[in-house]
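Working notes, beginning with the structure itself.
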Amino acid sequence: ITSYWVALMPQRSLGAMKNDVLDSSGLVLDAKRARLDIWNGFGVVLEDVTLSNAPASTWLLSAKSVSTPGLFGGNLVVDQAVLDIDVSSVKAVTLVKQNRITLRDGILKLRDPARQAVVAVTDINGDISAVGAKGLQGQLAMVWGPQVSDLVFDIEDLERFATVGSPMDVTLKSKAMLFGFSGQGRADKGFKLAGQTTVEAADIGGLFRW
């Protein structure tokens, strides 16, 4: 859907976007409105956005806004997103095929109903970028527990990651600690990892609190 049609018929364009997402992925997209941002290269902006896998509802993404800078931009900017995931049953999806997704002030909530546990990661900022036809890389800064942390990950094949598994590397580090993983990752029903793990910490108590 071009910015031209968003400018002339924003609500009809929004309806077409919802139908396209539902038809291509089975996911439910909603937004308060769509508008044209003439000050940012005639980009498209969706406001008060939600995306979910209803009716299963094992995850929900909400965001203040999602925008595409520029008329023919291949990138997304997501502001103040909150992603709430049931880690016991989540399935990876390959919905957005963008060159780069920029996250600003995001929040990630990981829920495990069986253990009645919730882990929250806040102040997420950084970029997630496509690599080749199927790969995905990310460099993100965040607050994990009491620590300001940096996350770097590389998934070789996102489609295989969502089904049979894909080679991947992950590094999560803070000022005093480091977690590294290299091996196979899979998210067909919950998260599964098989490979080599490295953990470094000067304070073992601080590691467990992290």
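Some notes on this structure:
- Cross-link check: pairs LYS109/LYS189; LYS18/LYS192; LYS64/LYS192; LYS109/LYS192 evaluated at a Cα-Cα cut-off of 25 Å; pairs beyond the cut-off: LYS18/LYS192; LYS64/LYS192.
- Probe 1.4 Å, protein heavy atoms only - accessible area per residue of the range 103-210 in square angstrom: 60 Å²
- Counting Lys and Arg as +1 and Asp and Glu as -1 over every other residue whose Cβ lies under 15 Å from the Cβ of ASN125, the net charge comes to -2.
- Tensor-based shape of the range 132-210 (alpha-carbon gyration tensor, a/c under 1.5 rounded, otherwise prolate or oblate): prolate
The values are calculated or read from the model by the stated rules, or taken from the named source; none is laboratory data. Note that the structure is a prediction, hence the values are computed from the model and not measured. Glycine also receives a Cβ, built like all others from the backbone with ideal geometry; neighbour counts cover every protein chain displayed. Accessible surface is based on the protein model in full, side chains and every heavy atom, while ligands, DNA and RNA are left aside. Shrake-Rupley method; radii C 1.70, N 1.55, O 1.52, S 1.80 Å.
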